[in-house]
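Participant: My structure is below; once you've seen it, I'll send some questions.
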Amino acid sequence: MGARSGELRITTPSEREIVMTREFDAPRDLVFEAHTSCEHMSRWWGPRKYEFASCDIDFRAGGKWRIVHRGPDADEYAFYGEYREIVRPERIVWTFEFEGFPGSVSVETLTLEEHDGKTTLTATSVYDTVQERDEMLQSGMEEGARETMERLDEYLEQLKTSRVS
């Protein structure tokens with residue numbers, strides 16, 4: 001599988017889960033690092049049509065995070081949560097809430113497995129109810145997730161190049 005040929009797979013293995021899986025042609029520590037700071041996240045998190053308006057990340061268990069995007073219509077969209085567990089470089093667990101759906105909090109678990117220099121990223125989202133999971137699926141999240149993973153892939157290629165030079 002080539003550097004940009006990783007296909008995002010989205011499944012719903014249970015009534016309250018969404019699981020996204022994608023392979024990256026990058027070592028696990030680099031994929032992990034791309035999730036640890038505003039400097040990194042601002043380069044790839046979210047669809048291209050949204051401007052990365054602000055970011056605050058306290059990357060530690062118990063630390064809070066908040067990212068705000070600005071859309072083409074100038075409206076702002078805030079996402080936030082708290083880190084629950086960080087196991088470098090293999091797992092990050094955090095809560096995820098979108099201001100547009102107050103009270104709808106999911107628990108996100110990111111796991112990274114490396115084989116032959118490539119990393120498989122698995123992101124599992126667990127919602128409180130089937131309805132919350134279904135609302136997320138109907139919100140257009142699949143298109144946004146695909147574009148976000150493409151952007152992460154492009155950013156990882158830049159990081160790999162800068163490591164070599």
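Participant: Sequence gap at least 6, Cα distance under 8 Å: using those rules, report the relative contact order of the chain to the nearest whole percent.
Facilitator: Worked out over the chain, it gives 26 percent.
Participant: I've got another one for you. Give me Val107, Val87 ranked fewest to most by other Cβ atoms within 10 Å of their Cβ, as a rough exposure proxy.
Facilitator: Starting with the residue having the fewest Cβ neighbours, the order is Val87, Val107.
Participant: Over segment 87-165, what is the relative contact order in percent, taking alpha-carbon pairs closer than 8 angstrom and at least six residues apart?
Facilitator: 18 percent
Participant: What nm value, rounded to one decimal, do you get for the distance between Glu90 and Thr111 when each label is placed 7 Å out toward the C-beta?
Facilitator: According to this spin-label approximation, the distance is 1.0 nm.
Participant: In terms of the Cα gyration tensor, with a ≥ b ≥ c the square roots of its eigenvalues, is the chain rounded because a/c is under 1.5, prolate because a/b exceeds b/c, or oblate?
Facilitator: rounded
Participant: May I ask you to list the lysines whose Cα is less than 27 Å away from that of Lys49, ignoring any residue fewer than eight positions away on the same chain?
Facilitator: The qualifying lysines are Lys64, Lys160.
Participant: To continue, here is another question. Looking at the square roots a ≥ b ≥ c of the eigenvalues of the Cα gyration tensor of segment 74-165, which shape do they give, rounded for a/c under 1.5, prolate if a/b is larger than b/c, or oblate?
Facilitator: Since a/c reaches 1.5 and a/b is larger than b/c, the shape of segment 74-165 is classed as prolate.
Participant: So which trypsin sites (Lys or Arg not before Pro) in segment 56-92 pass both tests, a DSSP loop state and at most 12 other Cβ atoms within 10 Å of the Cβ?
Facilitator: Sparse-neighbourhood loop trypsin sites (Lys or Arg not before Pro): Arg60.
Participant: How far is the Cα center of segment 75-120 from the Cα center of segment 9-44, in Å?
Facilitator: That distance is 8 Å.
Participant: With +1 on each Lys and Arg Cβ and -1 on each Asp and Glu Cβ, how big is the dipole of segment 49-165 about its Cα centre, in debye rounded to the nearest 20?
Facilitator: For segment 49-165, the charge dipole is close to 520 debye.
Participant: Then there's this: Under the rule a/c < 1.5 gives rounded, and otherwise a/b versus b/c splits prolate from oblate, where does segment 26-97 land using the Cα gyration tensor?
Facilitator: oblate
Participant: Could you pull out the longest piece of the chain with no exposed loop GluC sites (Glu not before Pro) in it, calling a site exposed if DSSP puts it outside H, G, I, E, B and it has at most 15 other Cβ atoms within 10 Å?
Facilitator: It runs 16-89.
Quick note: the coordinates plus some simple rules give every number you see, no bench work behind them. Owing to the predicted nature of the structure, the values given are computational and were not obtained by experimental measurement. Backbone-built Cβ (ideal geometry, glycine too); neighbour counts: all protein chains shown.
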